[in-house]
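The values are calculated or read from the model by the stated rules, or taken from the named source; none is laboratory data. Please read all numbers here as calculations on a predicted model, not as lab measurements. A quick note on method: Cβ atoms are made from the backbone with ideal geometry, for glycine too, and the neighbour counts reach across all protein chains shown. Surface accessibility is based on the protein's heavy atoms, side chains included, excluding ligands, DNA and RNA. Shrake-Rupley method; radii C 1.70, N 1.55, O 1.52, S 1.80 Å.
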Amino acid sequence: MNLFGNGRPDGATTPEKQPAATPKGPSVTNHSLFAGKRPDATALAEDALSLAEAPRGPVPAWSFSVLKKFEECPYRVYLSKVDKIAEPSSEAADRGNRIHDEAEHFIRGELYTDRVPKNLEKLGFEYRTLREAFDESPEQFELEQNWGFTATWGQTGFFDKDVWCRMKLDVFRRWGTSAHIIDHKTGKKFGNELKHSDQGLQYAVGAFKRYPELEFIKVDFYYTDQGQKLEKSFTREQAMVFLPRIEKRAFALTNATAEQLSRPKPSKNNCKFCPHAETGACQWRVAE
Ligand code: SF4
């Protein structure tokens with residue numbers, strides 16, 4: 001059984017034959033990015049080009065998580081990235097990091113036991129399948145990767161001066177013109193479907209940009225605590241439809257001035273999950 005669970009032998013490099021489980025069309029057609037009338041892609045691409053040439057602001061690089069925070073409340077990003085006020089560490093984040101480490105070491109076969117770790121047991125079949133695939137073809141895998149891109153999607157170092165986009169991939173497997181991306185999640189699937197679909201799309205765009213030979217990418221989120229999955233898949237053509245929109249959103253952050261970044265968007269929901277409600281650095285916070 002391969003990673004797609006369709007019985008195709010591991011390492012098969014026949015991209016024309018897409019995995020049987022693959023949905024016919026993009027599973028993102030109801031995605032928030034498509035809400036409303038779809039804008040003209042050429043005009044958006046031209047916009048993105050001119051935005052790439054515009055001066056950067058005090059937060060010149062984005063990642064999926066920073067972009068989401070910026071869209072919720074720019075001031076949160078300002079406090080963390082410009083004022084550099086440390087965010088208190090959270091137990092949930094520390095636990096998430098530990099489970100990511102466990103998953104990586106299990107897939108690499110580096111744990112003292114061959115048993116699926118307890119924290120991953122609810123998706124035992126999936127993690128065992130990954131482990132077996134890694135055993136057979138380790139050269140197809142990139143685990144816990146940090147990818148850096150310039151503003152025109154050239155490859156660069158994660159911390160290089162010209163980095164504009166940063167992506168952290170937990171599991172990336174590539175063969176022929178196909179790839180499979182897996183993101184381990186310790187949080188809940190319920191209520192996060194749209195957000196994670198958006199994240200999956202951004203991973204896919206990054207992978208298509210990094211590997212021009214890729215034509216098809218499956219992106220899976222493994223919710224280790226619930227034993228659930230969220231599965232998305234994209235052809236290059238489907239993902240690229242969204243590219244100008246993603247760029248426009250990202251440039252709104254990376255080209256924002258300090259004044260634009262310091263505009264708070266207080267709300268019960270935004271402030272509830274903001275560490276600066278806790279640090280006391282934000283005078284605008286809304287109490288629950
Ligand atoms: S406490 Fe609320 S208003 Fe203040 S930075 Fe955080 S989310 Fe924004």
May I ask for the Kirkwood hydrodynamic radius of the stretch 184-263, worked out over all distinct Cα pairs and given in angstroms to one decimal? 14.2 Å
A convex hull over the alpha carbons of the stretch 89-256 yields, per residue, a volume in Å³ of 136 Å³
Check the straight Cα-Cα distances from residue 188 and name the lysines below 24 Å, setting aside those fewer than 8 residues away within the same chain. 68, 69, 118, 122, 168, 218, 229, 232, 268, 272
Read phi for every residue in the stretch 192-205 and hand back ³J(HN,Hα) as whole Hz from Karplus 6.51 cos²θ - 1.76 cosθ + 1.60, θ = phi - 60°, with x for Gly and Pro. 10, 4, 5, 4, 6, 4, 4, 4, x, 4, 5, 4, 4, 4
For residue 263, what accessible area in Å² do you get when you roll a 1.4 Å probe over the heavy atoms of the protein chains, rounding to the nearest 10? 120 Å²
Proximal aspartates and glutamates relative to residue 195, as straight alpha-carbon distance under 15 Å, when same-chain residues fewer than 8 apart are discounted: 71, 72, 183, 220, 231
Quick one: putting +1 on the C-beta of Lys and Arg, -1 on the C-beta of Asp and Glu, what dipole do you get for the stretch 89-256 around its Cα centre, in Debye to the nearest 20? 620 debye
Could you work out how much longer the chain between residue 258 and residue 135 gets when fully extended? Use 0.36 nm per residue separation minus the Cα distance between them, nm to one decimal. 39.4 nm
Karplus couplings for the stretch 72-84 from phi (6.51 cos²θ - 1.76 cosθ + 1.60, θ = phi - 60°), rounded to Hz, Gly and Pro as x? 6, 7, x, 5, 4, 5, 4, 4, 7, 9, 9, 6, 6
Between residue 192 and residue 89, take the C-beta separation as r, use R0 = 25 Å, and let me know the FRET efficiency to the nearest 0.05. 0.70
Which GluC sites (Glu not before Pro) from the stretch 100-173 combine a DSSP loop assignment with at most 11 other Cβ atoms within 10 Å? 110
